[in-house]
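Please treat every number below as a calculation from the coordinates, not as lab data. The structure presented is a predicted model; accordingly, all values stated were derived computationally and were not measured. Here the Cβ is made from the backbone with ideal geometry for all residues, glycine too, and neighbour counts use every protein chain on show.
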Amino acid sequence: MVFLPFAGSVVVALALRTHSRLLPASIAAAVCGIVIAAIAVLYPAIAHGGIVRFEVDWLPQLGLSFSLRMDGFAWLFAALVAIIGLLVVLYARYYMSEQDPIPRFFSFLLAFMGSMLGIVISGNVILLSIFWELTSLSSFFLISYWHHNAAARDGARMALTITATGGFCLLVGLLMLGSIVGSYELDAILAAGDQIRAHPLYLASLILILVGAFTKSAQFPFHFWLPAAMAAPTPVSAYLHSATMVKAGVFLLVRLSPALSGTYEWFLLLGLAGISTLVLGAYFAMFQQDLKALLAYSTISHLGLITTLLSLDSPVATVAAIFHMVNHATFKASLFMAAGIIDHETGTRDMRQLSGLLRYLPITGRLAMVASAAMAGVPLLNGFLSKEMFFAESVETHADSWLDTALPYLAVTASAFSVAYSLRLIHAVFFGPPALDLPKGQPHEPPHWMRFPIEFLVFACLVVGIVPNLTIGPFLREAAVSVLGQATPEYSLSVWHGFNTPLLMSALALVAGTGIYFGFRHYFARCDEGPPWFRHLRGQRIFERVLVTVSWRWARELEARLGTRALQPQLRWVTFVGFMAALTPLYLLGFQSRMIEPSRIDIAFSGLWVIGACLAVGTAYLAKYHRLAALVMLGGVGLIVCLTFVWLSAPDLAITQLLVEIVTTVLILLGLRWLPKRTEELKDELTFRARFRRFRDLILAMACGVGMAFIAYAVMTMSVPDAIANYFISNAYSQGGGRNIVNVILVDFRGFDTLGEITVLGIVALTVYALLRRFRPAADSMAPPEQQRVQTAFDQQQPDRTVGDTARDYLAVPSVIMQWLFPVVITFAIDLFIRGHDLPGGGFSAGLAMSIAFLLQYLAGGTRWAEERIRILPLRWMGSGLLTATATGVGAWLLGYPFLTSHSRYLDLPLIGKVPAATAMLFDLGVFLLVIGSTVLILVALAHQSIRINRLNALEKKAEEVG
């Protein structure tokens with residue numbers, strides 16, 4: 001149920017390159033159908049209070065696991081998400097234009113669906129937070145789908161900013177909740193309500209969680225992002241407003257209510273937000289001119305109604321809140337789809353231009369009337385039942401507070417506003433004289449299957465409103481029991497309860513709302529500046545001003561005071577922060593070490609390190625003025641470290657260090673040419689301030705060096721049992737299938753760390769590539785060597801030759817040798833990879849060796865020569881490597897083992913003998929591919945600087961000739 005929508009999203013996005021609507025929609029519909037079938041199959045297991053669980057260990061030491069949990073409430077909500085998702089897919093099949101990138105739309109829609117299902121059935125609150133952020137991300141792509149539209153871009157940016165900020169607050173609140181309970185599992189948290197409410201961190205965690213829920217469900221004062229999101233395609237609006245993103249907040253409140261409710265703080269915070277949102281949303285909706293804007297504000301109001309019900313902390317109110325979630329999803333999805341048909345057929349959503357559409361759209365018009373009546377709470381429709389329950393609870397006493405006293409009056413007022421805007425939607429659009437000068441001319445009914453989702457949902461509104469006990473009753477009971485447990489109350493879903501106060505309140509709201517609309521309908525139509533009293537209080541404008549203040553004024557002020565474009569101050573700050581980060585825990589917690597007896601000094605080894613120290617000092621001294629000499633000395637330092645590893649019997653580290661030195665030294669050497677020149681004259685310009693700065697940097701560098709030596713000494717002399725080392729030595733072969741303990745640790749025991757490291761390596765490579773693409777060499781950078789300039793001039797005189805900018809023309813013998821080394825180095829790299837599990841080598845060192853093979857070809861033949869003969873696609877190498885490494889871990893999941901669990905055996909091949917066949921080799925293959933891709937990507941970025949310079953020089957020369 002969770003992974004299938006994401007898998008379908010990938011298939012639609014990558015496997016389909018078509019503008020046809022049928023095939024992507026068919027795949028999306030098939031995914032929704034399978035998910036619905038899976039949900040239906042699970043119903044017997046969750047009936048009568050049952051819970052279905054699925055759990056895979058992730059980080060059990062930290063209480064984190066990938067756990068899924070479905071009870072009656074999660075089942076009801078998952079069914080709602082999947083069924084409306086299928087209807088939206090069917091509707092979008094006809095709504096979306098073939099000129100749009102159709103696969104991208106259905107890909108994002110399926111990802112959105114999978115994210116919401118993940119929220120609904122997560123059994124771990126940290127996992128829930130991850131899916132929570134995925135809904136924000138996928139909704140951002142859906143809202144900005146028509147990215148050529150500025151309103152879509154602004155709406156998506158606002159939605160992401162608000163909901164992602166709330167998601168961060170939610171994560172902090174859930175972490176605090178988990179620390180209070182001692183577990184992040186949802187079952188443990190729901191069972192620890194008394195412990196949570198009695199804890200000093202209860203209020204802080206409650207506020208943070210409520211901020212996350214309020215931002216997601218557009219509660220006041222975070223409501224303004226939802227109307228701006230109407231720039232999304234109408235199928236997205238129908239799904240977002242009914243069953244997905246905006247329902248996530250109120251879903252979370254219901255889910256966590258057993259653990260967080262029951263306090264005055266809960267009542268006050270939810271009550272203030274809910275009632276404010278309920279009344280203001282309904283009031284704003286009456287004055288909107290855009291059909292989708294009216295529906296958006298009505299969504300805000302109904303979400304406020306649900307939040308208000310949850311604030312009452314009453315079992316019946318909780319049941320009513322769950323009931324209204326389902327009812328609102330049905331009539332709101334149908335209304336948005338009807339609005340989309342009107343826009344699709346007329347070319348406008350402005351109610352001032354729409355009139356008399358019932359004669360052109362008779363079926364759609366009648367369906368919209370029924371859905372609007374359900375939204376207004378008309379009897380014999382589902383909205384009436386849940387609103388009656390709301391009125392009944394509003395007249396009960398829940399807290400000795402003015403908020404509780406004013407609730408019945410505010411509820412009737414908001415309901416009257418709801419009737420008014422529902423009447424306006426029906427009367428202004430479908431009645432009156434026929435509309436003239438519509439952008440698309442005379443409208444007509446859409447295809448039947450485009451209208452079918454509305455018919456299905458309106459039929460649900462009718463049957464639930466007429467026979468609720470036979471339709472929604474059993475499912476609502478299971479949901480209520482899963483949330484309330486033994487506190488589940490006795491309630492009635494009957495249509496008729498006699499003449500009572502809630503019925504009187506409903507009648508009063510209907511009469512008052514009708515009077516408001518017909519008394520002020522002309523004023524509503526002329527009101528272009530927004531609702532009275534709130535015309536100058538616009539959330540979007542406030543949001544933009546806050547962004548400008550934070551990102552322009554404050555950020556620029558901080559940048560002016562603390563920022564610099566010079567590299568040296570940035571390195572100084574990074575080094576200082578790292579030093580303090582290491583020093584602080586040592587100062588606060590202390591350390592334990594023991595004195596060790598000095599051993600006999602090896603003169604050769606000591607001499608080796610003296611040479612290394614001299615090279616390091618020389619590097620620091622020459623780095624400012626003689627970059628090439630400094631780079632040579634730095635390479636010498638790396639070589640000393642490599643020899644140290646050999647001396648200390650660490651061949652794996654020695655091979656890796658040697659290969660790293662080769663690659664980094666050459667890449668840095670290629671970049672030296674583009675840096676500005678440094679001359680000896682600068683030595684005479686050292687002022688007192690400059691000398692002080694250099695002395696300060698020297699002290700900081702020495703402090704960091706001494707600190708690292710101190711930490712290394714402390715770690716090596718701590719009284720640590722040998723259990724860790726002995727464990728790796730004892731189990732490397734039996735459990736990891738390899739005799740090379742270092743490699744087995746990297747790809748097996750600590751495989752998750754390695755996966756994170758190669759991910760970081762890929763991100764760094766992409767960052768370097770992006771920066772180098774924007775890099776412009778300094779005006780005073782080094783000119784090409786004399787031999788290259790002479791050869792270039794000679795080549796330009798030969799029309800049949802490529803302009804030479806490489807070594808192959810003026811260093812013929814070395815370039816030929818480098819070209820011949822290509823298969824040799826590749827063979828060496830493959831050997832390092834294959835032997836890595838038993839002998840020194842492995843994916844990382846083999847990847848570096850393979851990168852050296854490509855590096856030699858670029859040096860020998862140049863960029864054009866190499867890329868004409870070798871098809872290098874570093875991004876595909878990186879992507880394939882990361883996917884291979886991740887798939888190895890997921891494969892263990894599919895077989896019932898923890899993530900990245902490996903299996904090892906030896907295969908006896910004819911003529912070859914025994915060959916290791918550990919699954920960790922696949923993981924190592926991913927490391928191998930990603931290292932090659934990352935290194936070659938940086939190489940390509942550096943190499944293309946020469947092509948760019950040649951192109952710029954040619955353009956300048958041509959401009960001079962033309963001039």
>> With 19 Å as the cut-off, how large is the P(r) tail for the stretch 413-504, expressed as percent of Cα-Cα pairs?
In response: 70 percent
> From the phi of every residue in the stretch 731-742, what ³J(HN,Hα) in whole Hz does the Karplus formula 6.51 cos²θ - 1.76 cosθ + 1.60 yield, where θ is phi - 60° and glycine or proline is x?
Replying inline: 10, 4, 7, 5, 9, x, x, x, 9, 7, 4, 4
>> Sequence gap at least 6, Cα distance under 8 Å: using those rules, report the relative contact order of the chain to the nearest whole percent.
In response: 8 percent
>> Let me check I have the definition right: for the stretch 275-520, take the eigenvalues of the Cα gyration tensor, multiply each by 5, take square roots. What are those semi-axes in whole Å, largest first?
In response: 33, 20, 14
> How much net charge surrounds T346 when only the other residues with a Cβ under 15 Å from the Cβ of T346 are counted, with Lys and Arg +1 and Asp and Glu -1?
Replying inline: -1
> What number comes out for the charge environment of A47, summing +1 per Lys or Arg and -1 per Asp or Glu over other residues with Cβ under 13 Å away?
Replying inline: -1
> Rounded if a/c is under 1.5, else prolate if a/b beats b/c, else oblate: with a ≥ b ≥ c from the C-alpha gyration tensor eigenvalues square-rooted, which is the stretch 700-775?
Replying inline: oblate
> What are the residues whose amide H is under 5 Å from the amide H of H903, where those residues sit 5 or more places off or on another chain and H is modelled from the backbone?
Replying inline: T919, A920
> Given DSSP loops and a limit of at most 10 other Cβ atoms within 10 Å, what is the longest stretch of the chain that contains no such GluC sites (Glu not before Pro)?
Replying inline: 530-963
> Using the Cα atoms as the points, what is the convex hull volume per residue of the chain in Å³?
Replying inline: 252 Å³
> Which order do H448, H398 fall in if you start with the one that has the fewest other Cβ atoms within 10 Å?
Replying inline: H448, H398
> Which whole-number percent gives the relative contact order of the stretch 275-520, counting Cα pairs below 8 Å spaced six or more residues apart?
Replying inline: 28 percent
> Size of the dipole of the stretch 34-148 about the Cα centre, Lys and Arg at +1 and Asp and Glu at -1 on the beta carbon, nothing else charged, in debye to 20?
Replying inline: 120 debye
> Shape of the stretch 1-94 from its Cα gyration tensor (a ≥ b ≥ c, root eigenvalues): rounded if a/c is under 1.5, otherwise prolate when a/b > b/c, or oblate?
Replying inline: oblate
> How do S506, S9 line up, fewest other C-beta atoms within 10 Å first?
Replying inline: S506, S9
> Tell me, V641, V550, V326 in order of fewest to most beta-carbon neighbours within 10 Å?
Replying inline: V550, V641, V326
>> Apply the a/c threshold of 1.5 to the C-alpha gyration tensor of the stretch 139-187 and tell me whether it is rounded, prolate or oblate.
In response: prolate
>> Nearest 500 deg cm²/dmol is fine: what mean residue ellipticity at 222 nm does the chain get from its DSSP H runs of n ≥ 4 alone, each adding -39,500 (n - 2.57), divided by its residue count?
In response: -24000 deg cm²/dmol
> On full extension of the chain, what length is gained from D753 through F534, given 0.36 nm per residue of separation minus the C-alpha to C-alpha distance?
Replying inline: 73.5 nm
>> Which chymotrypsin sites (Phe, Trp or Tyr not before Pro) in the stretch 484-532 sit in a loop by DSSP (not H, G, I, E or B) and have at most 11 other Cβ atoms within 10 Å of their own Cβ?
In response: W496, F499
> Which cross-chain or sequence-distant (5 or more) residues have an amide H under 5 Å from the amide H of G432, H modelled 1.01 Å from N in plane?
Replying inline: G356
